[in-house]
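This report refers to the structure that appears directly beneath it.
What follows draws every value from the coordinates through simple rules; no lab data is involved. Bear in mind the structure is a predicted one, so any value in this text is a computation, not a measurement. Every residue, glycine as well, gets a Cβ built from its backbone with ideal geometry; the counts of neighbours run over all protein chains shown.
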């Protein structure tokens, strides 16, 4: 697997086929990226289980926090790593032990040794990507703000152009749009 480039089909398959995510490094701080990503994924119908030893027993976004993956006690499909690259290897080993299907390392997190270990155990791996961003990109939802959509522009609209800067949001479905 080339971890410098993932096909849309590979990412889409992971996000459509796996609905239970353990977020290692989840934060109760609303200004942290993990909090925002967790809130977004919960809103899209994913079950997100926060993992943070310093917050164990408390709740983040009404979800009980666990100290480790092994403490969760329910099947986990994706282990989303919001920790540094060095922490990815032991977290990946624990993900394998609990029977996860995917190890997903967040933006800025890359550990080739962890990826190799996971793939040898039959898990899929994504590195240096965010599932929230990928979901939005693949569903077309991210383009509502004009991000790379070609819809919004700093150029003045042509006379008579109608609705050039309006775009309807897609309704939430169980599948991510193509």
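Would you mind stating whether residue 22 is assigned to a loop (DSSP other than H, G, I, E, B), within 22 Å of residue 75 (Cα to Cα) and touching a strand residue (DSSP E or B) at 6+ places or on another chain (Cβ under 6 Å)?
Against the criterion (assigned to a loop (DSSP other than H, G, I, E, B), within 22 Å of residue 75 (Cα to Cα) and touching a strand residue (DSSP E or B) at 6+ places or on another chain (Cβ under 6 Å)), residue 22 does not qualify.
So which of 32, 97 ends up being more than 24 Å from residue 122 (Cα to Cα) and more than 13 Å from the chain's Cα centre (by Cα)?
So the residue among 32, 97 that is more than 24 Å from residue 122 (Cα to Cα) and more than 13 Å from the chain's Cα centre (by Cα) is 32.
Going residue by residue through region 40-49, is there one that turns out to be outside any helix (DSSP H, G or I) and either more than 15 Å from the chain's Cα centre (by Cα) or more than 13 Å from residue 76 (Cα to Cα) (or both)?
Scanning region 40-49 turns up at least one residue that is outside any helix (DSSP H, G or I) and either more than 15 Å from the chain's Cα centre (by Cα) or more than 13 Å from residue 76 (Cα to Cα) (or both).
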